[in-house]
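Working notes, structure below.
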Amino acid sequence: MALQYTDPTQVREEILRRQQDADLLQRATEFIGNLPKGLPSAPHAYFCRHVATARIEDLAFAHMAAQTGLPPLWATYVDDKMTSRNHTKCDVLRTYVFDGRGRNGGAKLERFDLANLQEWDGKVLSAVRTGLSGASIVDVHMRAREQVFDGIAHATLDFSAWLKQWSGSRAYYQYYFAFFSVFGVLVEEFHGPPDDQEVEVFRLVVADPAFDAVERVLGVAPLIVRLPWEDEQAWYPPEVRSVFAQEAMPRGRKKS
């Protein structure tokens, strides 16, 4: 069976029901082997990105988490290696602030290069420092979050130590999905953007088989709430401009 999503209005009731199933909890724990450190006692809605930041996508996640009735939590993988082939990682170093649309409908974007992509290629993300002040890229994005989120900016949990025990996503994804069958709810989009072949290949090669494996082993499907993709989600809201401007020279605004 291909990956399926759960209705956000029903997922809270389902995850709470599963957490009352002692046999399912035991089987899931035995299958996963060991759980991430520092887990909250109550189930949360999780958004998983290498670095917790404040893109418009993150705002959309916070809104979706509210719809589920579960508190939001950003899971990170800051000890993964930077690679210029991964656009999500690149977006942490090369940022675009969205300032609306022009008369012709084009996006008005201001670019801030926080660090040199080539210089940090192959280094772990937690080691990346900005080109201007040498600040930690992780800390800079936390400062950006503080400009946007009220009360939840620091709602993060690093999954690095947990995920590093496996050699890549093909190895860990079934355990990752097993986690989101019992211990939390994943908010994610596995079917977009529509022109992103990388996302489609990942779903077919990694996510779909992992989804099937978990359902076969545990007898329940991973709980995934869909976060519909929109182009604006790749950019940052204007509230973060001052933080990025302190760390990088703006490259100018694109014409709309």
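No lab work stands behind these numbers, since they all come straight from the coordinates. Nothing here was measured: the structure is a model prediction, and the numbers come from that model. Glycine also receives a Cβ, built like all others from the backbone with ideal geometry; neighbour counts cover every protein chain displayed.
Observations on the structure shown:
- On full extension, the segment bounded by D7 and N34 gains 6.9 nm, given 0.36 nm per residue less the C-alpha separation.
- Ranked by how many other Cβ atoms sit within 10 Å of their own Cβ, fewest first, the residues T29, T9, T76 fall in the order T9, T29, T76.
- Within region 165-223, the ratio Rg/Rh, alpha carbon atoms throughout and Rh by Kirkwood, equals 0.98.
- Screening the chain for whole DSSP H helices with an alpha carbon extent of at least 27 angstrom along the helix axis and a mean Kyte-Doolittle hydropathy of at least -0.5 yields nothing.
- Whole-Å distance, taken between Cα centres, linking region 93-131 and region 8-52: 33
- All alpha carbon pair distances within region 64-215 were sorted into 5 Å bins beginning at 0; the resulting P(r) in whole percents reads 2, 7, 12, 17, 20, 20, 13, 7, 2, 1, 0.
- Sparsely packed trypsin sites (Lys or Arg not before Pro) within region 34-100, loop by DSSP, other Cβ within 10 Å at most 15: K37, R85
- Taking amide hydrogens as placed 1.01 Å from N in the peptide plane, the amide H of L157 sits under 5 Å from those of W74, A75, T76, each at least 5 positions away in sequence or on another chain.
- The chain - mean residue ellipticity at 222 nm from DSSP helices (-39,500 (n - 2.57) per run, n ≥ 4, rounded to 500): -11000 deg cm²/dmol
- Remark: L117, L3 ranked as L117, L3, counting other beta-carbon atoms within 10 Å and listing the fewest first.
- Among the listed values [x] 1.07; [y] 1.03; [z] 1.14, the one matching Cα Rg over 2.2 N^0.38 Å as calculated from this structure is [y].
- Nonlocal Lys pairs with alpha-carbon distance under 19 Å, the chain (8 or more apart, or different chains): 9
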